[in-house]
Amino acid sequence: MPWHISAFYPMYKMTDVSPTPASTLKRAYEIGKEEGLKYVYVGNIDDAKHESTYCPSCGTTVIERRGTIGQYVVNHLAEDGICPECGYRLEGVWS
Ligand SMILES: [Zn+2]
């Protein structure tokens with residue numbers, strides 16, 4: 001099960017609330033990983049390390065995500081959901 005953790009930004013009628021600190025997003029990311037989730041992501045923040053997908057078996061980057069809105073880059077490095085380093089079959093729809 002993927003878990004996507006998005007940063008809050010003050011807009012519209014909630015401009016009196018502070019944005020989510022990057023440290024809070026990273027802490028939530030680490031908790032998700034420590035609890036055994038394979039696919040954890042942060043969002044609404046420029047943080048390639050915590051936005052990319054890694055092979056749960058060997059840790060190789062299989063989908064690289066980086067950048068911000070308008071300059072976002074996604075590189076699929078696992079052909080058909082197979083890790084190029086160890087052959088692990090990644091969960092998800094790949095075709
Ligand atoms: Zn692998």
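Where does each of T61, T15 land when they are ordered by accessible area, with a 1.4 Å probe and the largest first?
Numbers: T61 50, T15 95 Å².
Largest to smallest exposure gives the sequence T15, T61.
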Magnitude of the Cβ-charge dipole (Lys and Arg +1, Asp and Glu -1) of the chain about the Cα centre, nearest 20 debye, reported as 200 debye
Quick calc: nm separation of the 7 Å Cα→Cβ label points for K49 and L37 -> 1.8 nm
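What number, rounded to the nearest 500 deg cm²/dmol, is the helix-based mean residue ellipticity at 222 nm of the chain, given -39500 (n - 2.57) per DSSP H run of at least four residues and division by all its residues? Before the final figure, lay out each step's value.
Working: 2 runs with 17 residues, N = 95.
Estimated from H runs of four or more residues: -5000 deg cm²/dmol.
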Accessible-area ranking of I45, I63, I31, largest first, probe 1.4 Å
I31, I45, I63
Set the Förster radius R0 to 41 Å, insert the Cβ-Cβ distance between T15 and C86 as r into 1/(1 + (r/R0)^6), and round the FRET efficiency to 0.05.
0.30
For region 3-81, what size does the Cα cloud have along each of its three principal axes, sorted from largest down, in whole Å?
44, 32, 16
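Rounded to the nearest whole Å², what accessible area per residue is found for the chain with the 1.4 Å probe?
Working: 6460 Å² over 95 residues.
With all protein chains present, the chain gives 68 Å² per residue.
Would you list W3, W94 from the most to the least accessible area, probe 1.4 Å? Present the calculation step by step, with values, prior to reporting the outcome.
Details: W3 95, W94 70 Å².
Final ranking, largest accessible area leading: W3, W94.
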Lysine pairs in the chain with Cα atoms under 22 Å, if 8 or more residues apart or on separate chains
4
Degrees separating the helix 22-34 axis from the principal Cα axis of the chain, which is the longest one
40 degrees
Can you tell which of M14, C55, Y39 lies farthest toward the positive end of the dipole of region 3-81, using +1 and -1 charges on the Cβ of basic and acidic side chains (Lys, Arg; Asp, Glu)?
M14
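Quantify, in whole percent, the carbon and sulfur part of the accessible surface of the chain (1.4 Å probe; protein heavy atoms only).
Values: 3480 of 6460 Å².
Summing carbon and sulfur atoms, their accessible area is 54 percent of the total for the chain.
Per 0.36 nm of contour for each residue apart, how much would the distance between A7 and A22 grow if the chain were fully extended, relative to their Cα-Cα spacing?
Values: separation 15, 0.36 × 15 = 5.40 nm, distance 0.78 nm.
Here the segment from A7 to A22 would lengthen by 4.6 nm.
The values are calculated or read from the model by the stated rules, or taken from the named source; none is laboratory data. Keep in mind it's a predicted model, so treat the numbers as computed, not measured. When we count neighbours, we look across all protein chains shown, and the Cβ atoms used for this are built from the backbone with ideal geometry, even at glycine. Calculation scope for accessible area: heavy atoms of the full protein, side chains included, ligands and nucleic acids excluded. Shrake-Rupley method; radii C 1.70, N 1.55, O 1.52, S 1.80 Å.
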